[in-house]
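Below is one structure, written out as C-alpha cells, with a few remarks after it.
The values are calculated or read from the model by the stated rules, or taken from the named source; none is laboratory data. Quick caveat: nothing in here was measured; it's all calculated off a predicted structure. All Cβ positions, even for glycine, are placed from backbone atoms using ideal geometry, and neighbour counts span all protein chains on display. Accessible surface is based on the protein model in full, side chains and every heavy atom, while ligands, DNA and RNA are left aside. Shrake-Rupley method; radii C 1.70, N 1.55, O 1.52, S 1.80 Å.
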Amino acid sequence: MYLNARSVGLHDHTRMKGFETLKAYGLFDRNVPRYTSYPTATHFKAQVEPGRQARWLQQLQPGQSISLYVHIPFCRRVCWFCACRTQGLAGDSRLNRYLDGLHREIAWVADRLPTGVTVSRLHLGGGTPTLLSPDQLSALVGAIQHRFEFDHRVEFSVEIDPNEIDSERLAVLSHAGMNRASVGVQDFDPRVQQAIGRSQSYEITAQVVSQLRAHDIQSLNVDMLYGLPYQTEARLVRSIELLHALAPDRVALYGYAHVPWMAKRQILIPTDALPSTEARFYLAERAHSQWTSQGYEAIGIDHFARPDDGLARAKHQGLLRRNFQGYTDDTAPTLIGLGASAISKYPQGFIQNDPDTAGYLARIETGQSAGTRGHVFRGEDGTRARAIEMLLCDFAIDFHQLEAVDAHGAAQCRQIASHVASNFGKAVSLSEEALAIPPAMRPLTRLIAQWFDGYEVASSAHSSAI
Ligand SMILES: C[S@@+](CC[C@H](N)C(=O)[O-])C[C@H]1O[C@@H](n2cnc3c(N)ncnc32)[C@H](O)[C@@H]1O
Ligand code: SF4
C-alpha cells in the first residue's frame, strides 16, 4: 500500500479517537453496498415475464411525473478506473445501430404511456453521451421531446466529458433545453491521472465550464474521486482548490471502488499505489473539511452543494432522495431508464434492460421490451427501502414517517433499530421518534444501513465501506 493513516498526517487526539471507534465497528475492513437502490441491483432476478414492463407503463396515472434516463454505453477513450457500464467505441456503425435501437425503445415506451404522464427530468448519461455528433444529439433529444409530454419546468441534465465536447455540441444541447450539467474530473494531479488512464488538463476543464456557464447552465456538478492511486492529502487539496476556482454548484465526491473482478479494465490500476482503507478515510475527511470550509453544505454521504442549490434546499425541506445517479431532489416515484443496462423504477418494482448491448438490440429490434432482470417489491421492501434512504440522506430514520409508509414494516424497522443501538453503542442515538447517527460517526452510515437490508449481502459484489 502506498499510504497509511500515519503518512497522510493528522495526529490530532480527537480525530484519532474517532478513528479508533470507526475502526472498532469495521469501517476499514468491510465491503458494503452504496445503496443507490433497495434491494441492490445484485438481487435483481431474471424473472421479468413478457408483458410486465408494458403493464407497469400502462398503469401509470395521468397527472403523474416521471424521470427519464438515457444511457449511452460508449466512450472514445476508456479510463482504467471506470466501473461504469461502458465500452470503447469501435467504429460508427455500432453507434448508429445502437442509436436506431434507442429510437425504437423511445417509441416502444411512449406508445404504452398513458396520455397526461409528464416528464419532469431528463438525464443523458453513460458512458459518454457527448460523443454523439451534433446531428445525433439533436435527433435523439428531438425524438424524446416529440414522443413524451414534458413539464414546462423540466430539468434536463447531461454528463459531460470535457475531452469529448465542443461548442457545436454544446450549442445543440443548450438549444434543446439542457439546463444542468455534470462534468467528470476525478483528480487534476498528473501522477494520479497517469495512473488511472485519464488525462484531463485544468485548462480544458475550465474552458468547458465557462462555455457551459455562457449557455446559462443553472446547476453545474463536478465528479471527483478519493482513494485513487498516488493520491495524497496534498494532491487532493490542490485538486479541490482548482475545482473550487470553477465554482461548481454541486460536487460528487465518490470513494474510488476498486472492483477489478467486475470492472476488468481496473487490472491496469497499480494496486500497490492505492491508499489503504485508513488513508481513504483521511482523504475523505480532508476533502469534506475543505469543501465545507469553502461554504459548501455536505449532502448525504458523498456530495456537497452551495446553500442556494436545489440539493441543499431539498436537504433542509426533508426532500432529499437517493437514486441510481446518487443524490437528487427529484421526488418522482417513477424513473424510466432507456438503453442497454439502464434500470427503471416503477411503484411496483425495478426492471433492468439487457446489460449486453447486442442482447439489448436483439430484443428491441424484434419489438420486445428491453427488460431482462428485475425485482417486484414485496413484503416490507418499501419500508426498508425508505429507512435506508432516510439514513443515507438525513442520517436518521424518522419512525413516524415510516409508519406512514406501512405500519408493519415500520414496527420491524423499530426492532432492527434497537439491535443497531445495542451493537453500535454511542455511535448512534435511539429514541421513540428516531434512530440518528451523530456527525462524527457518519462514515458508518452504509454499515448501519446494511442492518435494514433484508437480503443477503455478498461482500464481493460491493466496494469498501469507506
Ligand atoms: C459515467 S461517468 C462520467 C461521465 C463522463 N463519461 C466523464 O468521464 O466525464 C460517472 C462518474 O462515475 C464515477 N466513477 C466511475 N468509476 C468509478 C469507480 N470505480 N469508483 C467510484 N466512482 C466511479 C466517476 O466519478 C465518473 O465521473
Ligand atoms: S469515466 Fe467517463 S470517459 Fe472514462 S470510461 Fe468512464 S464513462 Fe467513459
Next on the checklist: Condition first: small (Gly, Ala, Ser) and either over 30 Å from residue 24 (Cα atoms) or in a strand (DSSP E or B) (or both). Can you find one or more residues in the range 443-462 that meet it?
Outcome noted: no
Checklist outcome for this item: Only unsatisfied item for residue 368, checking (1) closer than 23 Å to residue 450 by Cα; (2) at pLDDT below 95; (3) open to solvent by 60 Å² or more (accessible area, probe 1.4 Å), is (1)
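Suppose the filter is crowded, with 21+ Cβ neighbours inside 10 Å, within 16 Å of ligand 2 (Cβ to nearest atom), over 23 Å from the mean Cα position of the chain (by Cα) and basic (Lys, Arg); does residue 94 pass it?
For residue 94, the condition - crowded, with 21+ Cβ neighbours inside 10 Å, within 16 Å of ligand 2 (Cβ to nearest atom), over 23 Å from the mean Cα position of the chain (by Cα) and basic (Lys, Arg) - is not met.
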Checklist entry - Which of the residues that make up the range 188-201 are in contact with a Ser or Thr (Cβ under 9 Å, 6 or more places away or on another chain) and over 14 Å from residue 274 (Cα atoms)? => result 188, 189, 190
Item to check | residue 229, sole failed condition from (1) of a type outside the set (Asp, Glu); (2) over 13 Å from residue 80 (Cα atoms); (3) within 16 Å of ligand 2 (Cβ to nearest atom) | outcome: (2)
Checklist entry - Looking at the range 283-290, is at least one residue open to solvent by less than 10 Å² (accessible area, probe 1.4 Å) and closer than 29 Å to residue 77 by Cα? => result yes
Next on the checklist: Against the definition (on the phi < 0 side of the Ramachandran plot, in contact with a Lys or Arg (Cβ under 7 Å, 6 or more places away or on another chain), away from ligand 1 (no atom under 16 Å from the Cβ) and not hydrophobic (A, V, I, L, M, F, W, C)), how does residue 134 come out, yes or no?
Outcome noted: yes
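Per-residue answers, yes or no, for (1) in contact with a helix residue (DSSP H, G or I) (Cβ under 7 Å, 6 or more places away or on another chain); (2) open to solvent by less than 10 Å² (accessible area, probe 1.4 Å); (3) not charged (D, E, K, R):
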position	(1), (2), (3)
198	no, no, no
204	yes, no, yes
208	yes, yes, yes
213	no, no, no
220	yes, yes, yes
223	no, no, no
238	no, no, no
251	yes, yes, yes
256	no, yes, yes
Next on the checklist: Taking the criterion of being in a helix (DSSP H, G or I) and over 23 Å from residue 365 (Cα atoms), would at least one residue in the range 108-130 satisfy it?
Outcome noted: yes
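Yes or no, residue by residue, for (1) open to solvent by 70 Å² or more (accessible area, probe 1.4 Å); (2) outside any strand (DSSP E or B); (3) modelled with pLDDT under 95:
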residue	(1), (2), (3)
1	yes, yes, yes
9	no, yes, yes
18	no, yes, yes
23	yes, yes, yes
27	no, yes, yes
36	no, yes, yes
50	yes, yes, yes
68	no, no, no
71	no, no, no
Checklist entry - When the range 216-251 is examined, which residues are found to be at pLDDT below 95 and either of a type in the set (Val, Ile, Thr) or touching a Leu at 6+ places or on another chain (Cβ under 8 Å) (or both)? => result 217
Checklist entry - Does residue 46 count as among the aliphatic types (A, V, I, L, M), open to solvent by 80 Å² or more (accessible area, probe 1.4 Å) and either at pLDDT 90 or above or over 22 Å from the mean Cα position of the chain (by Cα) (or both)? => result yes
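Each row is one residue, and each column tells you yes or no for (1) more than 12 Å from ligand 1 (Cβ to nearest atom); (2) in contact with a Pro (Cβ under 6 Å, 6 or more places away or on another chain).
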residue	(1), (2)
53	yes, no
57	yes, no
63	yes, no
69	no, no
72	no, yes
76	no, no
81	no, no
92	yes, no
96	yes, no
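Of all residues in the range 139-182, count the ones that are in a loop (DSSP other than H, G, I, E, B), within 12 Å of ligand 1 (Cβ to nearest atom) and either surrounded by fewer than 20 Cβ atoms within 10 Å (Cβ to Cβ) or free of Cβ contacts under 8 Å to residues at least 60 places away in the same chain (or both).
Qualifying residue count for the region: 1.
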Item to check | Given (1) more than 14 Å from ligand 2 (Cβ to nearest atom); (2) modelled with pLDDT under 95, number of the condition residue 126 does not satisfy | outcome: (1)
Checklist entry - Could we say that residue 422 is within 30 Å of residue 45 (Cα to Cα) and either more than 22 Å from the chain's Cα centre (by Cα) or open to solvent by 40 Å² or more (accessible area, probe 1.4 Å) (or both) here? => result no
Next on the checklist: Suppose we keep only residues that are surrounded by 21 or more Cβ atoms within 10 Å (Cβ to Cβ) and more than 9 Å from ligand 2 (Cβ to nearest atom) within the range 183-192. Which one would you say is farthest from residue 217 (Cα to Cα)?
Outcome noted: 192
